[in-house]
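Peer 1: Supplied in structure tokens, the structure appears directly below.
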Amino acid sequence: MSPPGTLSAALAFLPNWWRETTDPAAFDALLTGWAHACGWRACGFAWASESAAVVKTVQAGIEIDAPPPPEVPDALRRLKSGEATVLYSSPNTTGRVFAAVHPAGRPVGVLWAEKPASQPWADGERAYLSLVGKTVERAPALSAIIGPIIDPDRLYQRLGDTAVIAGRMAHDFDNLLQGIIGFSELTLPFLPPGSQPANFVAEIGKVGQRGVTFTQQLHHLSRSGQVKPNPGSVGLALTKEETRLKIAAQTAVRVEMDLPPDLPLVAVETGPLQIVLGHLLENAVEACPSGGVVRVSARSVELTDADAYLGRVGVGGYLQITISDTGQGIKPEVRKRLFVEPFFTTKVRHRGLGLAIVYRVLCAHRGGIQLEPVLPPGTGTQVRVVLPLAAARPATVVSGPITANAVGG
């Protein structure tokens with residue numbers, strides 16, 4: 001066994017971060033063990049989301065209650081700009097080094113370490129710290145303290161496998177439902193209008209139509225991975241979906257649009273674009289009480305690899321669409337299950353297909369989604385979607401982050 005404080009001992013400790021656990025105390029034990037194996041004078045982890053913050057510090061091999069290092073904000077800025085590690089001077093040490101920890105779908109955090117004054121930092125040690133940061137961001141122990149960490153590629157693959165089965169089932173059920181609906185329509189003229197048999201047959205037809213609505217969603221899931229190069233207009237798609245919802249809505253919910261007149265086209269065809277925006281608008285309208293407001297806005301943005309979107313976003317120009325509601329928001333226990341359980345829903349008559357379809361369309365088109373609470377004093381859910389511009393489809397793809405907040409439809 002390599003002696004503590006050597007690079008060999010540090011590398012030997014690395015697999016410990018991959019141990020399966022759901023115990024929040026496991027992260028503390030790992031951080032302390034890592035400090036001992038590497039011979040750090042002190043080390044720690046700092047991470048913050050819109051609703052929680054996590055600060056861990058180990059000094060002289062013992063976990064202590066201490067604020068995060070003062071360099072954290074500047075370190076985050078520099079790490080987000082592309083630096084692999086950043087070094088700051090610190091009394092009685094050879095410097096404090098920071099590396100990024102970027103869990104998929106979540107904000108960026110930092111892992112830091114400092115060495116005694118007699119042990120200068122080597123390039124290999126700084127590279128090792130960066131490697132540990134990339135390991136920790138997928139560690140089960142981290143998910144135990146900040147909530148579920150989603151693997152975007154694995155989620156996309158699971159939905160793809162399900163989509164194949166969904167397409168085959170939808171085709172078979174369509175044939176059955178058309179027979180049910182067709183024969184109920186043929187039978188009605190032979191029955192006295194308003195009679196009990198006529199009412200029963202009419203109800204059979206209505207149930208068949210509800211079944212067709214469900215199979216349409218299965219078809220949408222099946223086809224949601226298809227990509228065509230034709231550009232789409234977000235403004236046109238939103239207008240069509242708003243009109244559809246006004247006709248179907250049972251409650252008085254107001255939809256407010258704030259769309260610049262010169263919105264660029266996106267690299268998503270009109271059909272899948274309407275499906276994505278339609279599901280998100282439906283979720284927002286259903287979340288609002290009578291008299292509530294759904295607000296929709298859009299603007300062009302430049303994304304970096306540090307932006308927190310779940311999906312397959314790259315670096316470059318995107319169109320960001322924000323949809324917020326004035327409902328009660330999502331309970332924390334529900335938020336933890338969104339996307340982690342691909343078809344999770346709290347709606348009795350739904351099957352959780354809405355967000356699954358949205359995510360698969362976005363991934364196929366190199367887009368992303370971010371779900372989070374509306375900031376106080378407001379209430380409700382805010383969903384941000386980013387879509388690549390038609391004129392500049394990104395070539396480099398990175399798995400980006402999320403915060404969960406809209407219940408699947």
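Peer 1: Select from the stretch 237-249 the residues that are under 19 Å from ALA390 (Cβ atoms) and either in contact with a Ser or Thr (Cβ under 7 Å, 6 or more places away or on another chain) or of a type in the set (S, T, N, Q) (or both) and write down the one among them that is modelled with the highest pLDDT. Quick ask: steps written out before the conclusion?
Peer 2: Residues of the stretch 237-249 under 19 Å from ALA390 (Cβ atoms): 237-240.
Now restrict to residues that are either in contact with a Ser or Thr (Cβ under 7 Å, 6 or more places away or on another chain) or of a type in the set (S, T, N, Q) (or both): 237, 239.
Working: ALA237: 91, THR239: 88.
Among residues in the stretch 237-249 that are under 19 Å from ALA390 (Cβ atoms) and either in contact with a Ser or Thr (Cβ under 7 Å, 6 or more places away or on another chain) or of a type in the set (S, T, N, Q) (or both), the one modelled with the highest pLDDT is ALA237.
Peer 1: Restricting to the stretch 17-31, name every residue that is crowded, with 16+ Cβ neighbours inside 10 Å and free of Cβ contacts under 8 Å to residues at least 60 places away in the same chain.
Peer 2: ASP28, LEU31
Peer 1: Against the definition (in a loop (DSSP other than H, G, I, E, B) and assigned by TED's automatic domain parsing to the domain that holds ARG138), how does PRO73 come out, yes or no? Don't jump to the end; show me each part of the working.
Peer 2: Working: in a loop (DSSP other than H, G, I, E, B): no; assigned by TED's automatic domain parsing to the domain that holds ARG138: yes.
Here the answer is no, as PRO73 does not meet what is asked.
Peer 1: Just to be sure before I move on: is GLY271 modelled with pLDDT of 85 or more and under 23 Å from the mean Cα position of the chain (by Cα) in the structure I sent? Step through it out loud before you land on a result.
Peer 2: On the way: modelled with pLDDT of 85 or more: yes; under 23 Å from the mean Cα position of the chain (by Cα): yes.
Taking the combined requirement at face value, the residue satisfies it.
Peer 1: Quick one: count up the residues across the stretch 227-270 that are touching a residue at least 24 places away in the same chain (Cβ under 8 Å) and part of a helix (DSSP H, G or I).
Peer 2: Filtering the stretch 227-270 down to residues touching a residue at least 24 places away in the same chain (Cβ under 8 Å) leaves 227-238, 240-242, 244-245, 249, 251-260, 263-270.
Subset that is part of a helix (DSSP H, G or I): 234-238, 240-242, 244-245, 270.
Within the stretch 227-270, residues that are touching a residue at least 24 places away in the same chain (Cβ under 8 Å) and part of a helix (DSSP H, G or I) number 11.
Peer 1: Would you tally the residues in the stretch 100-148 being part of a helix (DSSP H, G or I), of a type in the set (A, V, I, L, M) and in contact (Cβ under 8 Å) with a residue 60 or more places away in the chain? If you could, list the steps in order and put the result at the bottom.
Peer 2: Taking the stretch 100-148 and keeping what is part of a helix (DSSP H, G or I), we get 123-136, 140-146.
Imposing the further condition that a residue be of a type in the set (A, V, I, L, M) reduces the set to 127, 129, 131-132, 136, 141-142, 144-146.
Keeping just the survivors that are in contact (Cβ under 8 Å) with a residue 60 or more places away in the chain gives 131-132, 136, 141-142, 144-146.
Here the count works out to 8.
Peer 1: If the requirement is being closer than 24 Å to GLY124 by Cα, in a strand (DSSP E or B) and touching a Phe, Trp or Tyr at 6+ places or on another chain (Cβ under 6 Å), which of these qualifies: VAL54, VAL58, VAL86?
Peer 2: Values: VAL54 fails: closer than 24 Å to GLY124 by Cα; VAL58 fails: touching a Phe, Trp or Tyr at 6+ places or on another chain (Cβ under 6 Å).
VAL86 is the lone residue from the list that is closer than 24 Å to GLY124 by Cα, in a strand (DSSP E or B) and touching a Phe, Trp or Tyr at 6+ places or on another chain (Cβ under 6 Å).
Peer 1: Of (1) over 23 Å from LEU387 (Cβ atoms); (2) among the small types (Gly, Ala, Ser); (3) buried (at least 20 other Cβ atoms within 10 Å of the Cβ), ALA252 satisfies all except one. Which?
Peer 2: (3) is the only condition that ALA252 fails.
Peer 1: A further question follows. Which pairs do you get when a residue that is under 20 Å from SER143 (Cβ atoms), found in the stretch 48-75, comes within reach of a residue that is in a loop (DSSP other than H, G, I, E, B) and of a type outside the set (A, V, I, L, M, F, W, C), reach meaning Cβ atoms under 7 angstrom, with the pair 6+ apart or on two chains?
Peer 2: Here the result reads ALA48/PRO107; SER49/ARG106; SER49/PRO107; SER49/THR403; GLU50/THR403; VAL55/PRO67; VAL55/PRO68, each pair linking the stretch 48-75 to a residue that is in a loop (DSSP other than H, G, I, E, B) and of a type outside the set (A, V, I, L, M, F, W, C).
The values are calculated or read from the model by the stated rules, or taken from the named source; none is laboratory data. As the structure is a prediction and not an experimental result, all values here were calculated from the model. Here the Cβ is made from the backbone with ideal geometry for all residues, glycine too, and neighbour counts use every protein chain on show.
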